[in-house]
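Written below as structure tokens is the structure these notes are about.
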Amino acid sequence: MTSIELNGFAEPDALPGLALRWFEAVTGGLLADVVGGLRDGEVALPRSRPGVGSEPWGAPGTMWASLTRYGSAAGRVTSRRAWSARGWSTFLKGFAKFPAGVGMDIVELDATGYPRFGDRASIVLRTVNDERRWFRMVCEFGAFPEGPKNRIARLTEEDARDLAWEMAQEMPVTYGGVGDDGRHWGPTMLEDRLAREARVGVTESREVLRGYPWVTVCAPEIAARLGGPDALRASGAFHEVRVLPTGSVWLQATEHLDDYTGDALRRVFETVAPVLPPGEPRTYLGKELGRIIYADASAYQQR
């Protein structure tokens, strides 16, 4: 899955506007063609597992979506409905009384009309604690070869990067990332391998860098501890270093995501090690997964 994540801190009365801007940017830009392919749901959201005692969700190869409101930072769902043109309008208007989070999940139905295979995408903005000030904006998409039409497969990592760039111009980002190795609505790959909660990572993102994916956006405080933008450019670890209008700093490791391996990955790790959480990442069944270096950042911090 390719993912875009942006974290930030805002007063609760600012969240409705942020959520509306995020959903409009994603559905009107990155996923415009996908959302344009939606049709009004002909069946209610199934309560049972798809394909077990239920009719197909729609015609094979069509796009299907659900709209969700969350009542707590822990993820308690207060409503979930199948997408319809009318329901979509109502959903967006409901942001005015913002709950703990809102989400949209999109899937291309398979050759039998069920969502077991096919392309998938999601858009979410959720707060991470009961204070409802720290939040995560996330958009994820992935393509699977079984999808009859593979609409989402047309999207690229560069498309994801461009969306992150657009949004980062407008909001003070404390952490942001574009990559392909995160878990669905989970921690970053680094946090996952360090058994570090995403919630903690978000609330500490002005002091500790949550990860170092292909594109990383860091808070001004983080950049300052690394010597500032000029020092980051001079390190030679990044293809691009840019200061955003909000003061956050944009770090793109390589020109293309596929090139972010080996020495390129290690150079970035060693450069940002002073602001990474300590600890040696755990392997998975002896395998080193994801685009991270399996070494304790604190050892490099002491150099």
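Between Ser72 and Ala234, the C-beta separation translates, for a Förster distance of 41 Å, into a calculated FRET efficiency of about 0.35. Please label the shape of the stretch 197-239 as rounded, prolate or oblate, based on the square roots a ≥ b ≥ c of the eigenvalues of the alpha-carbon gyration tensor (a/c under 1.5 means rounded; beyond that, a/b larger than b/c means prolate, else oblate). Because a/c hits 1.5 or more and a/b fails to exceed b/c, the stretch 197-239 counts as oblate. Amide H contacts of Asp110 (H built 1.01 Å from N, in plane; Pro and chain starts excluded): Gly61, Arg116, Phe117 sit under 5 Å, all sequence-distant by 5 or more or on other chains. Near Ser79, the amide H atoms lying under 5 Å from its own belong to Arg69; only residues 5 or more places off or on other chains count, and H is placed 1.01 Å from N. Look at (i) 6, 24, 29, 23, 12, 5, 1; (ii) 6, 29, 38, 23, 5, 0; (iii) 6, 27, 33, 23, 9, 1, 0: the one that is P(r) over Cα pairs in 10 Å bins from 0, in percent derived from this structure is (iii).
For the chain, a Gaussian network of Cα nodes joined below 10 Å ranks Gly247, Gly142, Gly37 by mean-square fluctuation, and the top entry is Gly37.
Note on Thr261/Arg21: beta-carbon distance plugged into 1/(1 + (r/R0)^6) with R0 of 35 Å gives a FRET efficiency of 0.55.
Neighbours of Arg76 by Cβ distance under 13 Å: Lys/Arg scored +1, Asp/Glu scored -1, total +2. Highest GNM mean-square fluctuation among Arg206, Arg266, Arg120, for the chain modelled with Cα contacts below 10 Å: Arg266. Using R0 = 35 Å, the C-beta based FRET efficiency linking Lys287 and Asp159 works out to 0.75. Determine the shape class of the stretch 67-116: with a ≥ b ≥ c the square roots of the Cα gyration tensor eigenvalues, call it rounded for a/c under 1.5, and otherwise prolate if a/b is greater than b/c, oblate otherwise. Verdict is oblate for the stretch 67-116.
Taking amide H as placed 1.01 Å from N in the peptide plane, the amide H of Gly179 sits under 5 Å from that of Ser3, each at least 5 places away or on another chain.
The 3J(HN,Hα) values that the Karplus relation (6.51, -1.76, 1.60; θ = phi - 60°) gives for the stretch 180-193 are, in residue order, 9, 10, x, 8, 4, 6, x, x, 5, 4, 4, 4, 4, 6 Hz. Gly and Pro appear as x. Going by neighbour counts of Cβ atoms within 10 Å, the residues Asp263, Asp296 line up, fewest first, as Asp263, Asp296. Counting every other Cβ atom within 10 Å of each residue's Cβ, Val208, Val217 order from fewest to most as Val208, Val217. Going 7 Å from the Cα of Asp296 toward and past its Cβ, which residues in the stretch 184-225 have a backbone nitrogen under 17 Å from where you end up? The answer is 193-196, whose backbone nitrogens lie closer than 17 Å to the label point.
Since every read-out is calculated from the coordinates, none of them should be taken as a lab result. Note that the structure is a prediction, hence the values are computed from the model and not measured. All Cβ positions, even for glycine, are placed from backbone atoms using ideal geometry, and neighbour counts span all protein chains on display.
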